[in-house]
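Engineer: One structure coming up, written as structure tokens, with questions to follow.
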Amino acid sequence: MNTDTLLHLDRQHLWHPFTQEATAPPAMLLASARGAYLYRDDGTALLDLISSWWVNLHGHAHPKIAQAIAAQALTLEQVIFAGFTHEPAVRLAARLIEQAPGELNRVFYSDDGSTAVEVALKMAIQYWHNRGQIRPRIAAMVGAYHGDTFGAMAVGQSSGFFAPFSTHHFAVESLPYPATWIDDEAVEAKEAAALRALDEYLQRQGEHTAALIIEPLVQGASGMRMCRPQFLQKLAARLKKNDIFLIFDEVMTGFGRTGSLFASERAQVAPDILCLSKGLTGGFLPLSVTLCTETLYDGFRGPSFDQALAHGHSYTANPLGCAAALASLELFEEEQSLQRVARMEQSHVDFVSHLATEIPIQHPRVMGSIVAMELPAKDAGYQAEIGKKIREAFLEHGLLLRPLGNCLYLMPPYAISDSDLERAYQIIEQVLTHHLRLIS
Ligand SMILES: *Cc1c(COP(=O)(O)O)cnc(C)c1O
């Protein structure tokens with residue numbers, strides 16, 4: 001089909017995610033991708049600086065992952081996972097357990113980040129139910145985002161994305177989150193206030209709380225809001241004392257984004273439950289896992305099915321996804337991905353320090369492969385005009401960036417070359433300088 005026909009049919013029949021279709025520019029047609037580049041049907045290239053919505057790690061169409069999927073597809077493509085098992089699922093689970101923090105020892109497979117979160121919440125709630133304790137409450141953080149299914153929306157209700165469903169959220173306590181940045185003088189005070197609010201909540205509701213869920217070190221969708229390891233360590237100690245499960249949603253932070261394989265490692269905090277997806281398959285296929293401790297798992301074993309976790313998806317532990325994930329984990333060693341992220345972190349720091357001398361950016365911050373800042377804007381928040389405008393300007397310059405409102409961030413795939421990254425920094429500075437002159 002030619003370009004015009006495809007785009008016409010797209011406008012006729014497609015409904016794109018997180019898009020106001022009445023005002024959004026038409027979707028761009030992509031033909032192929034390689035490394036850090038996406039290619040349009042007319043051959044123009046876009047440098048993917050957001051890892052295609054935070055999923056890609058080692059570059060697009062990486063031959064090693066593509067071949068692993070093809071080989072698996074010709075061997076065992078999919079099978080029911082109740083009563084059956086297979087080598088890719090077993091090997092991947094063992095591999096993840098080996099690298100996971102703390103005492104995580106069990107792997108439950110599902111399909112995407114949202115379902116990994118649903119599974120985590122259900123594990124925590126039913127564990128207490130199975131023990132005859134009523135602990136109906138869940139705690140989360142202000143600004144959290146955990147996905148778009150109903151349970152995930154409930155714990156992410158303070159993000160502001162889900163207002164039409166507010167009558168359908170279950171009760172969640174959204175606790176203050178001490179977001180911080182480079183040279184933030186108020187960080188200690190913010191952390192102390194957040195911990196006081198947590199203490200106060202625990203005093204009131206600790207006994208009735210099953211779990212607290214948090215995106216460790218970086219809140220993604222609400223604008224790459226970062227916190228310090230110290231805060232997570234103190235939060236974890238308080239939960240432990242109150243017998244409340246700590247759920248780490250590492251759907252975005254997992255697989256090297258924050259500089260270590262998992263943010264848990266960089267923060268030196270081990271959760272009771274860990275959710276992973278996005279980068280799990282290197283960005284090739286939808287797959288997710290929820291890891292938990294043996295203690296939690298034991299709470300579901302018993303003579304009756306009533307105690308079992310009555311949860312499963314048609315494609316649970318899809319062999320193609322597991323094969324892709326195994327290949328992706330091997331690439332971490334073969335391509336020294338974490339060393340690459342460490343170098344990227346240093347160049348990000350240099351970039352924002354320089355940019356801050358040229359442009360009135362606010363709250364510059366860096367964690368591993370992620371750099372973020374707020375741009376001066378009349379209207380802040382996710383719908384800020386500036387975000388939409390500069391997104392278009394960046395596309396015209398061959399960069400795929402998608403500001404979250406007035407928060408501009410980069411989260412490049414690890415396959416990006418040093419020279420492409422430097423070129424991107426320069427273009428970003430030019431576009432911002434030009435744009436800010438226009439609005440001032
Ligand atoms: C993206 C994201 C999710 C949801 O994952 P999906 O695969 O889009 O369902 C959950 N939690 C976090 C932290 C995320 O960034």
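The values are calculated or read from the model by the stated rules, or taken from the named source; none is laboratory data. Small disclaimer: the values here were computed from a predicted structure and weren't measured. Every residue, glycine among them, receives a Cβ derived from its backbone with ideal geometry; neighbour counts consider all protein chains shown. For the accessible areas, the whole protein counts, side chains as well, though only heavy atoms, and no ligand, DNA or RNA atoms are used. Shrake-Rupley method; radii C 1.70, N 1.55, O 1.52, S 1.80 Å.
Engineer: How large is ³J(HN,Hα) for each residue in segment 396-412, as worked out from phi by the Karplus curve 6.51 cos²θ - 1.76 cosθ + 1.60 (θ = phi - 60°), to whole Hz, x for Gly and Pro?
Structural biologist: Result, ordered by residue: 4, 9, x, 10, 8, 9, 9, x, 8, x, 8, 8, 9, 9, 10, 9, x Hz.
Engineer: Report, in whole Å, the centroid distance computed from the Cα atoms of segment 253-280 and segment 102-124.
Structural biologist: Each part's Cα centre sits 13 Å from the other's.
Engineer: For the chain, what is the calculated [θ] at 222 nm in deg cm²/dmol (nearest 500), taking -39500 (n - 2.57) for each run of four or more DSSP H residues and dividing by its residue count? Spell out each step's value before the answer.
Structural biologist: Working: 14 runs with 177 residues, N = 440.
That calculation yields -12500 deg cm²/dmol at 222 nm.
Engineer: Take LYS64, LYS122 and sort them by solvent-accessible surface of the protein heavy atoms, 1.4 Å probe, largest at the top. Walk me through the numbers on the way to the answer.
Structural biologist: On the way: LYS64 55, LYS122 85 Å².
So the residues, ranked largest to smallest area, are LYS122, LYS64.
Engineer: Moving on to the next point. Please sort 11-21, 322-332, 306-316, 204-214 by packing, taking for each peptide the average over its residues of neighbouring beta carbons within 10 angstrom, highest first. Before the final figure, lay out each step's value.
Structural biologist: Details: 11-21: 9.2, 322-332: 23.3, 306-316: 14.1, 204-214: 20.7.
Sorting 11-21, 322-332, 306-316, 204-214 by mean packing, highest first, produces 322-332, 204-214, 306-316, 11-21.
Engineer: Another one. Given Cβ point charges of +1 (Lys, Arg) and -1 (Asp, Glu) and nothing else, what value in debye, to the nearest 20, does the dipole of the chain about its Cα centre take? Could the numbers behind the result be given before it?
Structural biologist: On the way: 34 positive and 48 negative charges, 137 e Å.
With Lys and Arg at +1 and Asp and Glu at -1, about 660 debye.
Engineer: Please report the antiparallel percentage of DSSP beta bridges with both residues in the chain, rounded to the nearest 5. Don't skip to the answer; put the middle values down first.
Structural biologist: Working: 30 of 46 bridges.
Taking every DSSP beta bridge within the chain, about 65 percent pair in antiparallel fashion.
Engineer: So for each of 293-304, 221-232, 413-424 I average, over its residues, the number of other beta carbons within 10 Å; can you give me the resulting order with the highest mean first? Before the final figure, lay out the partial values.
Structural biologist: Numbers: 293-304: 13.2, 221-232: 21.6, 413-424: 17.8.
The densest-packed peptide leads the list: 221-232, 413-424, 293-304.
Engineer: Would you mind working out the magnitude of the charge dipole of segment 162-211 relative to its Cα centre, with +1 at each Lys and Arg C-beta and -1 at each Asp and Glu C-beta, to the nearest 20 Debye? Walk me through the numbers before you get to the answer.
Structural biologist: Numbers: 3 positive and 9 negative charges, 65 e Å.
The dipole of segment 162-211 has a size of about 320 debye.
Engineer: Here's another thing I want to ask about it. What is the extension gain from GLU396 to ASP243, computed as 0.36 nm multiplied by their sequence separation minus the C-alpha to C-alpha distance, in nm to one decimal?
Structural biologist: Value of the extension gain: 49.8 nm.
Engineer: I would also like to ask the following. On the protein heavy atoms, probe 1.4 angstrom, tell me the percent of accessible surface of the chain carried by carbon and sulfur.
Structural biologist: Details: 10810 of 19990 Å².
Taking all protein chains in place, the chain shows 54 percent carbon and sulfur surface.
Engineer: Leaving out ligands and nucleic acids, and using a 1.4 Å probe, what accessible area per residue does the chain come to in Å²?
Structural biologist: 45
Engineer: List nothing, just return the count: lysine pairs in the chain, 8 or more apart or interchain, with Cα separation under 20 Å. Don't skip to the end; give the middle numbers.
Structural biologist: Working: LYS64/LYS278; LYS122/LYS240; LYS190/LYS234; LYS378/LYS388; LYS378/LYS389.
Going through the chain pair by pair, I get 5.
Engineer: Here is a further query. Between ASP10 and SER314, what length comes free when the chain is fully extended (0.36 nm per residue of separation minus the Cα-Cα distance, one decimal in nm)?
Structural biologist: On the way: separation 304, 0.36 × 304 = 109.44 nm, distance 2.81 nm.
Result for the pair: 106.6 nm of gain on full extension.
Engineer: Take each of the peptides 363-373, 192-202, average the number of other beta-carbon atoms within 10 Å over its residues, and list them starting from the highest. Present the calculation step by step, with values, prior to reporting the outcome.
Structural biologist: On the way: 363-373: 23.1, 192-202: 15.8.
Result, highest mean Cβ count within 10 Å first: 363-373, 192-202.
Engineer: Based on DSSP, what percent of beta bridges with both residues in segment 94-228 are antiparallel, to the nearest 5? Provide the component values of the computation, followed by the final result.
Structural biologist: Values: 3 of 10 bridges.
The answer is about 30 percent antiparallel.
Engineer: Assign one of three labels to the chain, namely rounded, prolate or oblate, based on the Cα gyration tensor with a ≥ b ≥ c the square roots of its eigenvalues; rounded applies when a/c is under 1.5, prolate when it is not and a/b is larger than b/c, and oblate otherwise.
Structural biologist: Details: a/c = 1.64, a/b = 1.22, b/c = 1.35.
Oblate is the answer for the chain, as a/c is 1.5 or above yet b/c matches or exceeds a/b.
Engineer: Using the Cα centre of segment 1-151 as the reference point, and only Cβ charges (+1 on K/R, -1 on D/E), how large is the resulting charge dipole? Debye, rounded to the nearest 20.
Structural biologist: It works out to roughly 660 debye.
Engineer: Hey, another quick one. Using the Karplus equation 6.51 cos²θ - 1.76 cosθ + 1.60 (θ = phi - 60°), what ³J(HN,Hα) coupling, rounded to whole Hz, does each residue of segment 132-149 give in order, writing x for Gly and Pro?
Structural biologist: Listing the rounded values in order: x, 10, 8, 10, x, 8, 10, 10, 9, 10, 4, x, 5, 9, 10, x, 10, 7 Hz.
Engineer: Along segment 183-191, what does the Karplus equation 6.51 cos²θ - 1.76 cosθ + 1.60 (θ = phi - 60°) give for ³J(HN,Hα), rounded to whole Hz, x for Gly and Pro?
Structural biologist: Those phi angles translate into 6, 8, 6, 8, 4, 4, 5, 5, 5 Hz.
Engineer: Okay, next question. List the residues whose amide H sits under 5 Å from the amide H of LEU404, counting only those 5 or more places along or on another chain, with H placed 1.01 Å from N in the peptide plane.
Structural biologist: Placed amide hydrogens put TYR409 under 5 Å from LEU404.
Engineer: Along the positive direction of the dipole of the chain (beta-carbon charges: Lys, Arg +1; Asp, Glu -1; about the Cα centre), which of THR290, TRP15, ILE213 reaches farthest?
Structural biologist: With unit charges placed on the Cβ atoms, the residue in question is ILE213.
Engineer: Under the definition of Cα pairs under 8 Å and six or more residues apart, what whole-number percent is the relative contact order of segment 230-388? Before the final figure, lay out each step's value.
Structural biologist: Numbers: 195 pairs, mean separation 29.6, N = 159.
For segment 230-388, the relative contact order is 19 percent.
Engineer: For ALA342 and LYS64 in one chain, what is 0.36 nm times their gap in residues minus the Cα-Cα distance, to one decimal in nm? Present the calculation step by step, with values, prior to reporting the outcome.
Structural biologist: Details: separation 278, 0.36 × 278 = 100.08 nm, distance 2.32 nm.
Result: 97.8 nm gained on full extension.
Engineer: Sticking with this structure for a sec: Need one word for segment 218-327: rounded, prolate or oblate. Basis is the Cα gyration tensor (sqrt eigenvalues a ≥ b ≥ c); a/c below 1.5 gives rounded, then a/b vs b/c decides.
Structural biologist: Working: a/c = 2.34, a/b = 1.08, b/c = 2.16.
Taking the square roots of the gyration eigenvalues as a ≥ b ≥ c, segment 218-327 is oblate.
Engineer: Name the long-range amide H neighbours of THR293: under 5 Å, sequence gap of 5 or more, or other chain; modelled H, no Pro or chain starts.
Structural biologist: ASN105
Engineer: Sticking with this structure for a sec: Please compute the alpha carbon radius of gyration of segment 305-423, then divide it by the globular-protein estimate 2.2 N^0.38 Å. Two decimals is fine.
Structural biologist: Details: Rg = 19.4 Å, N = 119, 2.2 N^0.38 = 13.5 Å.
Ratio of Rg to 2.2 N^0.38 Å for segment 305-423: 1.43.
Engineer: When the Cα centres of segment 57-100 and segment 155-226 are compared, how far apart do they sit, in Å?
Structural biologist: 34
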